[in-house]
1. If you stretched the chain out fully between ALA183 and GLU22, how much longer would it get, using 0.36 nm times the residue separation minus the C-alpha to C-alpha distance?
2. Determine ³J(HN,Hα), in whole Hz, for all residues of the range 76-81 in sequence, where each value follows from phi through the Karplus function 6.51 cos²θ - 1.76 cosθ + 1.60 and θ = phi - 60°; x replaces Gly and Pro.
3. Out of residues 5 or more away from CYS98 or on other chains, whose amide H comes under 5 Å of its own, with H placed 1.01 Å from N in the peptide plane?
4. Students often get this wrong, so check it: of LYS40/LYS206; LYS83/LYS106; LYS107/LYS171; LYS114/LYS170, which have C-alpha atoms separated by over 19 Å?
5. To the nearest 10 degrees, how steep is helix 2-13 against the longest Cα principal axis of the chain, on a 0 to 90 scale?
6. Using a 1.4 angstrom probe on heavy atoms only, work out the carbon and sulfur share of the accessible area of the range 108-214 in %.
7. Does the range 67-151 come out rounded, prolate or oblate by the C-alpha gyration tensor, with a ≥ b ≥ c the root eigenvalues, rounded set by a/c under 1.5 and, if not, prolate when a/b is larger than b/c and oblate if not?
8. If a/c stays under 1.5 just call it rounded; otherwise compare a/b with b/c (prolate if a/b is bigger, oblate if not). Do that for the range 89-135, with a ≥ b ≥ c from the square roots of the Cα gyration tensor eigenvalues.
Amino acid sequence: MEHLAQEYYEAVFDTDRKRALELVRNAVKNGVLPEDIVFKVVVPSIDLMVQSFSETFDASIAQHFVASQIASEVTDEMLSQFKVPPTIAGKVVIGTSCGDFHGLGKKIVMGCLKAQMIDVVDLGLNVGAEQFVDAAVKNNAQVIGIASMMVHTARGENGCLKVRQLLRQKKLENQIKVIVGGAPYRFDPELYRTVQADAWAANGIKAGHVIIGLIKAVKPS
């Protein structure tokens with residue numbers, strides 16, 4: 001399994017989608033459980049990619065993006081072969097804040113979340129506060145994820161601040177939590193408090209861990 005995980009990571013690091021898929025498909029044919037592919041190969045590879053991107057600076061954002069997309073594709077394929085249907089940790093609605101049309105970071109996060117068994121509803125770009133809240137209610141989501149690439153969209157009147165206001169008005173703050181992410185929050189880690197989010201995350205893997213914590217705070221045990 002360690003050898004498979006290393007080969008898979010090398011493939012995604014090289015953005016070689018064909019090789020990555022070939023590796024996991026052959027492994028399943030040779031008796032490796034689809035569950036092990038997801039949890040012992042795909043998820044650790046995303047973690048390593050995040051380290052390469054944010055700590056050692058060996059990987060580019062383009063490599064990170066492709067790795068997350070491969071992870072999402074492999075996870076979807078493996079899920080259909082699980083012997084026992086996987087337990088979904090919870091549900092998130094995600095989009096970029098109002099006025100923000102930068103979707104790359106959101107796509108990276110979505111790929112990482114799917115590999116960690118978090119159901120994701122993509123609301124797209126330039127999402128208004130009402131859309132976030134209405135979609136969360138409609139989909140029974142425990143978390144709203146708001147991505148922002150620019151400071152003015154992170155702090156905008158129709159962004160996270162308005163989402164918080166609507167949740168408060170509708171008495172939903174105990175049922176729906178809010179996480180934010182994007183460049184402005186990496187430059188100012190306390191900005192999430194200013195926009196009244198419950199949490200923030202610097203990358204997809206960390207977002208998954210934080211979101212699972214938020215889901216547990218909402219969902220009854």
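The values are calculated or read from the model by the stated rules, or taken from the named source; none is laboratory data. These numbers come from a predicted model, not from an experiment. For accessibility, only protein heavy atoms count, side chains too; no ligands or nucleic acids. Shrake-Rupley method; radii C 1.70, N 1.55, O 1.52, S 1.80 Å.
1. Numbers: separation 161, 0.36 × 161 = 57.96 nm, distance 3.46 nm.
Gain in length upon complete extension: 54.5 nm.
2. Ordered by residue, 3J(HN,Hα) equals 4, 5, 6, 4, 5, 10 Hz.
3. Placed amide hydrogens put VAL127 under 5 Å from CYS98.
4. Values: LYS40/LYS206 17 Å; LYS83/LYS106 31 Å; LYS107/LYS171 30 Å; LYS114/LYS170 29 Å.
With Cα atoms farther than 19 Å apart: LYS83/LYS106; LYS107/LYS171; LYS114/LYS170.
5. Rounded to the nearest ten degrees, it is 60.
6. Result for the range 108-214: 51 percent of the exposed heavy-atom area is carbon or sulfur.
7. Details: a/c = 3.23, a/b = 1.55, b/c = 2.09.
Oblate is the answer for the range 67-151, as a/c is 1.5 or above yet b/c matches or exceeds a/b.
8. Details: a/c = 3.95, a/b = 1.39, b/c = 2.84.
Oblate.
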